[in-house]
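Let me begin by presenting the structure, written as structure tokens, before commenting on it.
The values are calculated or read from the model by the stated rules, or taken from the named source; none is laboratory data. Worth saying up front: this structure is predicted, and the values here are computed from it rather than measured. Heads up, the Cβs are rebuilt from the backbone with ideal geometry, glycines too, and the neighbour counts pull from every protein chain shown. For the accessible areas, the whole protein counts, side chains as well, though only heavy atoms, and no ligand, DNA or RNA atoms are used. Shrake-Rupley method; radii C 1.70, N 1.55, O 1.52, S 1.80 Å.
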Amino acid sequence: MNTPDWAALTDEEIVLLAQQGQADASEYLVMKYADTIEMRKHGYFLPGGDDDDLRQEARIGLLKAIRDYHPGHNAAFKTFANLCITRQILTSVKNANRRKHGV
């Protein structure tokens, strides 16, 4: 199978390819959104974790966005991805704080 010219495709088209099982489409989006991940994790602290842990949580959020995105909902993938990344980071920080405080 030939690798598409990723730059010629929209994020939404690339997401559809990833959802159809094209692993290099997901890899491309993870690389493309690396700066977004770095910006989104900035300002958060993960008790018991480090910067790499936050980065990994942000990547999980991006992968969930790729898995769950539906183009018919009138939202750009970038918007949806930002939301999923931020939610994943917040969830991991909240869970770490609960464990830290024994809640």
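Within the chain, count lysine pairs with alpha carbon atoms under 23 angstrom apart where the residues are 8 or more positions apart or belong to different chains.
For the chain, the number of qualifying lysine pairs is 9.
Beta carbons within 10 angstrom, averaged per residue: use that to sort the peptides 66-72, 11-17, highest first.
11-17, 66-72
If you take the C-alpha gyration tensor of the chain, multiply each eigenvalue by 5 and take the square root, what semi-axes do you get, largest first, in whole Å?
Calculated on Cα positions only, the semi-axes equal 29, 13, 11 Å.
What length, rounded to one decimal in nm, is gained on full extension from Met39 through to Thr91, with 0.36 nm per residue of separation minus their alpha-carbon distance? Before the final figure, lay out each step's value.
Values: separation 52, 0.36 × 52 = 18.72 nm, distance 1.70 nm.
Full-extension gain reported as 17.0 nm.
Given only helices, namely DSSP H runs of n ≥ 4 each adding -39500 (n - 2.57), what is the per-residue ellipticity at 222 nm of the chain, to the nearest 500 deg cm²/dmol?
Counting only the DSSP helices, I get -22000 deg cm²/dmol.
For the chain, report the accessible area per residue in Å² (1.4 Å probe, heavy atoms, rounded to an integer).
That works out to 64 Å² for each residue.
Using the crude model of +1 on Lys and Arg Cβ and -1 on Asp and Glu Cβ, and no other charge, please compute the dipole size for segment 1-68 relative to its Cα centre, in debye to 20. Mind dumping the intermediate values first?
Numbers: 7 positive and 14 negative charges, 33 e Å.
Taking the Cα centre of segment 1-68 as origin, the dipole is about 160 debye.
Summarise the accessible area of the chain (1.4 Å probe, protein heavy atoms) by the percent that is carbon and sulfur.
52 percent
On C-alpha positions alone, give me the angle between the axis of helix 51-68 and the longest principal axis of the chain, in degrees, nearest 10.
That helix lies at roughly 40 degrees to the long axis.
Considering the alpha-carbon set of segment 14-58 alone, what are its Rg and its Dmax in angstrom?
Cα-based Rg and Dmax for segment 14-58 come out at 13.0, 37 Å.
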